[in-house]
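Q: Take this structure, written in structure tokens, and hold onto it; I'll ask about it next.
Each reported figure results from applying straightforward, stated rules to the coordinates on display, with no laboratory input. Everything numeric in this text was worked out from a predicted model, so none of it was measured. Cβ atoms come from the backbone with ideal geometry, glycine included; neighbour counts cover every protein chain shown.
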Amino acid sequence: MINKNKKLPRIVIIIPARLKSSRLRKKLLRKIDSLPMIIRVAKNAKKLELGRVVVGTDSLEIFNVCKNYNVETLMTKRIHKSGTDRVYEVYSLIKEEFDLIINLQGDLPVFTKELFKKIINLFSDDLVDIGSAICDLTQNEFNDENVVKAKVKLDENNTGFAKDFNRTFEHKENLYHHIGIYVYRPSVLRKIVNLSQTKKEQNRRLEQMRAMDNNFKIKLVKIPYLPPSVDTENDLKKIRLHFKKNNL
């Protein structure tokens, strides 16, 4: 049990970083108030003081940018089919033991320590293999296939084990907006990456389906807001404005 005797778990935050992106070219290198996005994400992660922060990339361009800003980074293979696989390669390269691995998306420049703590707290339950987060789903998002939905029945603590993930559902009952931050026990991540991709993972383009299809338990916690991610030019404009307004 992670929280036994209130001892803090040893945590590593790994940021998988691909240069290629379909909707916004080289988005991880786009500037947000003078800093490349990947640097923003890494520096914000360091500010949380939860543990070691490492960027894993197959791009020499991203690797060199990280080095220029003194962000720890490791080169990974190009063969990875998902961020999960890249995260595990980084973990295997750093040669240090941790209790939990946080998979943080490189296009998520705004997040809080509270969000991470809520996910980490899920691991007080020994049945939890993977932790993640959700928030309320809007009417417009229900019909948007770019928004990943999680089906889960929440308990009195606003937590629950995921029943399914998909981009489209017929009914809105027990559906939430899935926030793409994952926390793993290292032993669980090791097992998952050694499994073949499942049909649902490939068809839905959702890497968490490999875990779901192999009976790993994903527990979710609901938070009251959606951390803004960057997928389009319009998203980038909004994030730049956010940083400018808040002097971040």
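Q: So how do MET75, MET37 line up by other beta-carbon neighbours within 10 Å, fewest first?
A: MET75, MET37
Q: What is the extension gain from LEU226 to ARG10, computed as 0.36 nm multiplied by their sequence separation minus the C-alpha to C-alpha distance, in nm to one decimal?
A: Taking 0.36 nm per residue and subtracting the Cα distance, the gain is 75.1 nm.
Q: Continuing with this model, one more query. Name the residues whose placed amide hydrogens come within less than 5 Å of the amide hydrogen of VAL53, ignoring near sequence neighbours (fewer than 5 apart) on the same chain.
A: ILE13
Q: Multiply the residue separation of GLU97 and GLU49 by 0.36 nm, subtract the distance between their alpha-carbon atoms, and state the gained length in nm to one decimal.
A: 15.5 nm
Q: Where does each of THR198, THR57 land when they are ranked from fewest to most other beta-carbon atoms within 10 angstrom?
A: THR198, THR57
Q: Which entries in the list LYS31/LYS95; LYS46/LYS77; LYS172/LYS199; LYS199/LYS219 go over 29 Å, if you measure between the two C-alpha atoms of each?
A: Long pairs (Cα-Cα over 29 Å): LYS31/LYS95.
Q: While we're here: Take every DSSP beta bridge whose two residues both sit in the range 10-107, then give the antiparallel share in percent to the nearest 5.
A: The antiparallel fraction comes to roughly 10 percent.
Q: In a GNM of the chain with a 10 Å cut-off on Cα contacts, which of ILE179, ILE11, ILE79 has the highest mean-square fluctuation?
A: ILE79
Q: Could I ask something else about it? Which order do HIS178, HIS80, HIS171, HIS242 fall in if you start with the one that has the fewest other Cβ atoms within 10 Å?
A: HIS171, HIS242, HIS80, HIS178
Q: Give me the one-decimal nm value for the distance between modelled label points at ASN158 and ARG190, 7 Å along each residue's Cα-to-Cβ direction.
A: Here the answer is 3.5 nm between the modelled labels.
Q: Let me ask you something else. Taking 7 Å along the Cα-to-C-beta vector as the label spot, tell me the ASN68-LYS217 distance in nanometres, rounded to one decimal.
A: 4.7
Q: Turning to a different aspect of this structure: Taking the Cα centre of the range 1-82 as origin, sum charge times position over the Cβ atoms of Lys and Arg (+1) and Asp and Glu (-1), and report the length of that vector in debye to the nearest 20.
A: Roughly 280 debye for the range 1-82.
Q: While we're on this one: Is it possible to state the helix-based mean residue ellipticity at 222 nm for the chain, with each DSSP H run of 4+ residues giving -39500 (n - 2.57), the sum divided by total residues, to the nearest 500 deg cm²/dmol? What is it?
A: -9000 deg cm²/dmol
Q: For the range 112-226, build the charge dipole from Cβ charges (+1 Lys, Arg; -1 Asp, Glu) around the Cα centre, then report which of TYR176, VAL193, THR159 sits farthest towards its positive end.
A: Going by the charge dipole, the pick is VAL193.
Q: For the range 198-213, in order, what is each residue's ³J(HN,Hα) by Karplus, 6.51 cos²θ - 1.76 cosθ + 1.60 with θ = phi - 60°, in whole Hz (x at glycine and Pro)?
A: Calculated HN-Hα couplings, in order: 8, 4, 5, 4, 6, 5, 8, 6, 10, 5, 5, 5, 4, 5, 4, 5 Hz.
Q: Determine, from the Cβ-Cβ distance of LYS117 and LEU60 and an R0 of 35 Å, the FRET efficiency 1/(1 + (r/R0)^6), rounded to the nearest 0.05.
A: Result of the calculation: an efficiency of 0.50.
Q: Let me ask something additional. To the nearest 0.05, how large is the calculated FRET efficiency for GLU170 and SER22 if R₀ is 25 Å and r is the Cβ-Cβ distance?
A: 0.40
Q: Which trypsin sites (Lys or Arg not before Pro) does the range 41-116 hold that lie in a coil by DSSP with at most 15 other beta carbons within 10 Å?
A: Listed in order of number, the matching sites are LYS77, ARG78, LYS81, LYS95.
Q: Using the Cα centre as the reference, give the magnitude of the dipole from point charges on the C-beta atoms of the chain (Lys, Arg: +1; Asp, Glu: -1; all else neutral), rounded to the nearest 20 debye.
A: 660
Q: Here is a further query. Could you give the alpha-carbon Rg of the chain over 2.2 N^0.38 Å, rounded to two decimals?
A: With N residues counted in the chain, Rg over 2.2 N^0.38 Å equals 0.97.
Q: Still on this structure: Find which of ALA45, ILE101, SER82 sits farthest along the positive direction of the dipole of the range 10-107, computed with +1 on the beta-carbon of Lys and Arg, -1 on that of Asp and Glu, about the Cα centre.
A: With unit charges placed on the Cβ atoms, the residue in question is SER82.
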